[in-house]
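Everything below concerns the one structure shown next.
Any read-out appearing in this document is the output of simple, stated calculations on the displayed coordinates, not a laboratory observation. Bear in mind that the values here come from a model prediction, so they are computed numbers and not experimental data. Here the Cβ positions follow ideal geometry from the backbone for every residue, glycine too, while neighbour counts run over all protein chains shown.
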């Protein structure tokens, strides 16, 4: 039996994917998550063989950073990251160095392709969508530091400055400094515009 951790935005879509995966005789979904930050600890507890992760799953860290943490916490668990090929450049550039331990699949993949990808990863095989790999080769380099990316990502999901400071264990003034640097590096006029530019470029 292949144990699967599922991290996916939206309760309805997450439940539908869980039903597809659990409907297979050799797959069992052992955890369903709505936040990237919960992945390493949950995987350490439930010991899945494959973690199917939405590349847009909310969280303070990037999906690449979470996958690196996961590799340290549960090396036997291999992530399968689901990315939109049209906006996969930045994330795929960060994730590609982790292949073939990590798998990448397009959001347009059929449910049967997702199931097959989970089985292939569990067997130790390579799973890499060629279009996503190509997007990684042409993606612009991310000018943001990891902390600037974290602050902009949380801003994008609507967290106020005080909440960001609490979650990242920073001073409010430090968070404002990171936001200011993000504005300069993205060429934006407002924090929300900076998050949009950074997201569209695949940096957060």
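Largest first and to the nearest Å, give the Cα extent of segment 146-200 along each principal axis.
Computed over the Cα atoms, the extents are 26, 19, 18 Å.
On a 0 to 90 degree scale, rounded to 10, what angle separates helix 146-156 from the longest Cα axis of the chain?
90 degrees
For segment 1-64 and segment 155-204, what is the separation of their Cα centres, given in Å?
Cα centroid to Cα centroid, the span is 27 Å.
Which residue fluctuates most in the GNM of the chain (Cα springs below 10 Å): 108, 37, 84?
Among 108, 37, 84, the largest GNM mean-square fluctuation belongs to 108.
In degrees, nearest 10, range 0 to 90: what is the angle between the Cα axis of helix 191-200 and the longest Cα principal axis of the chain?
Relative to the chain, helix 191-200 is tipped by roughly 40 degrees.
What number, in nm² with one decimal, is the all-direction average of the projected area of the convex hull of the alpha-carbon atoms of segment 2-138? Please report the intermediate quantities before stating the final value.
On the way: hull surface 28.1 nm².
Over all viewing directions, segment 2-138 projects a mean Cα-hull area of 7.0 nm².
Which of the three applies to segment 10-72, rounded, prolate or oblate, going by the alpha-carbon gyration tensor with a ≥ b ≥ c and a/c under 1.5 meaning rounded? Can you show the working numbers first?
Details: a/c = 2.30, a/b = 1.38, b/c = 1.67.
Cα axes put segment 10-72 in the oblate bin.
Angle check, please: helix 11-22 long axis (alpha carbons) against the longest principal axis of the chain (alpha carbons), in degrees 0 to 90, nearest 10.
30 degrees
Give me the distance in nm between label points sitting 7 Å out from Cα along the Cα-to-Cβ direction at residue 35 and residue 125, one decimal.
Output for this residue pair reads 3.7 nm.
Taking 0.36 nm per residue of sequence separation and subtracting the Cα-Cα distance, how much length would be gained by fully extending the chain between residue 11 and residue 134, in nm to one decimal?
Working: separation 123, 0.36 × 123 = 44.28 nm, distance 3.11 nm.
Extra length available between residue 11 and residue 134 comes to 41.2 nm.
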